[in-house]
Amino acid sequence: SKAAVNVTVTGAAGQIGYALLFRIASGQLLGADTPVRLRLLEIPQAVKAAEGTAMELDDCAFPLLDGIDITDDPKKAFDGVNVALLVGARPRTKGMERGDLLEANGGIFKPQGEAINAGAADDVRILVVGNPANTNALIAQSNAPDVPAERFTAMTRLDHNRAMSQLAQKLGVALTDIKKLTIWGNHSATQYPDLFHAEVGGRNAAEAVGDQDWLENTFIPTVAKRGAAIIEARGASSAASAANAAIDHVHDWVNGTAEGDWTSMGIPSDGSYGVPEGLISSFPVVCKDGKYEIVQGLEIDEFSRKKIDASVAELAEERDAVKGLGLI
Ligand code: NAX
């Protein structure tokens, strides 16, 4: 049988952690033939709660779960890690400026990047979920110079899935009919969900919608502000859907995207589509043999260009801010 894969989850006692860990342990992250060993990283005050979740994981008697370690030490958490899900982050609280938020998260993602650099397995793959996800990923990546930069990714799959669902409902089609949707840019309100390259039953999605006003003034803001709408309705931020997106992101990265389709991942730019090299921005990607590649050659019209540029400009500002703080 296969050797166990070390999967580290940070913020394990949080609400996304609670929705995520059981799915990892049941085999949905890496497949039904791959045992997993879980490492849970928490801050000292939340270690006890993580231990409670670990008790419940034990009580599921998952055949694929090879063991659980719980720690508040990033060095221990990332020693030998194959898949790192960086979920724990410092949320924005009332009165907090963006600079304060970036600095507080730098205090988390810089040491975690250093610990990944020191101890991760050669095949390590990292997904940053904790917000601001793209820039937190950039901080971790910049502090892990010995790990290939492309192993650091940020989650825009929830935005991707939200866009899929909004489009399916608008057109009254099955989700399986929709292909090649893209989220470009930052996981923030400036993100650009792109229907101009998407297909519905083989037809261009923007043409199938045939309503630029809906696309611009309903679809894009609904997807981009969905997180706030969930908080408004549920009284808590997206958790199960975020965990589901993290599962989808890593599953596709490891096992590949479907033939004739692609997905969206926040990844270090190689300069494609005019996105400055090194920024961690969302692109259309195809995954194969455990690697991803940016889909090349898409024609970007003026509308899409403006939207992509605006979101990328925000990423560049965030990068400059964390550079100014000495975090990268
Ligand atoms: P919670 O506040 O429920 O949980 C966060 C957990 O992280 C807490 O248990 C906390 O103790 C822990 N933590 C804090 N600092 C840590 C550190 N240095 N090391 C290890 N653990 C640490 O938040 P939750 O709802 O689970 O959300 C987690 C993060 O995901 C937030 O930053 C949130 O903004 C972000 N999200 C990102 C999404 C995306 O699409 N990229 C969507 C969902 C979510 O909003």
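The values are calculated or read from the model by the stated rules, or taken from the named source; none is laboratory data. Treat the numbers as computed from the prediction; the structure is a model and nothing was measured. Positions of Cβ are generated from backbone atoms using ideal geometry, with glycine treated the same way; all protein chains shown enter the neighbour counts. The area values use the complete protein model at the heavy-atom level, side chains included, leaving out ligands, DNA and RNA. Shrake-Rupley method; radii C 1.70, N 1.55, O 1.52, S 1.80 Å.
Annotations
- Over all orientations, the chain has a Cα convex hull whose mean projected area works out to 16.4 square nanometres.
- Solvent-accessible area, 1.4 Å probe, carbon plus sulfur percent, for region 44-202: 49 percent
- Region 4-56-region 108-163 distance, computed between alpha-carbon centres (Å): 17 Å
- Counting only protein heavy atoms and a 1.4 Å probe, region 110-175 has 33 square angstrom of accessible area per residue.
- For region 315-328, Karplus couplings with θ = phi - 60° (6.51, -1.76, 1.60), whole Hz, Gly/Pro x: 4, 5, 5, 4, 4, 4, 5, 6, 5, x, 8, x, 8, 10
- Across the chain, the mean sequence separation of Cα contacts (distance under 8 Å, 6 or more residues apart), normalised by length, yields a relative contact order of 17 percent.
- Cross-link reach is defined here as a Cα-Cα straight distance under 13 Å, omitting same-chain residues fewer than 8 places apart; for K306 the aspartates and glutamates meeting it are D194, E216, E314.
- For the chain, the antiparallel share of DSSP beta bridges with both residues in that region comes to about 45%.
- In a DSSP loop and with at most 10 other Cβ atoms within 10 Å, the GluC sites (Glu not before Pro) in region 285-328 are E299.
- Assuming charge only on the beta carbon of Lys and Arg (+1) and of Asp and Glu (-1), the dipole of the chain about its Cα centre is about 500 debye to the nearest 20.
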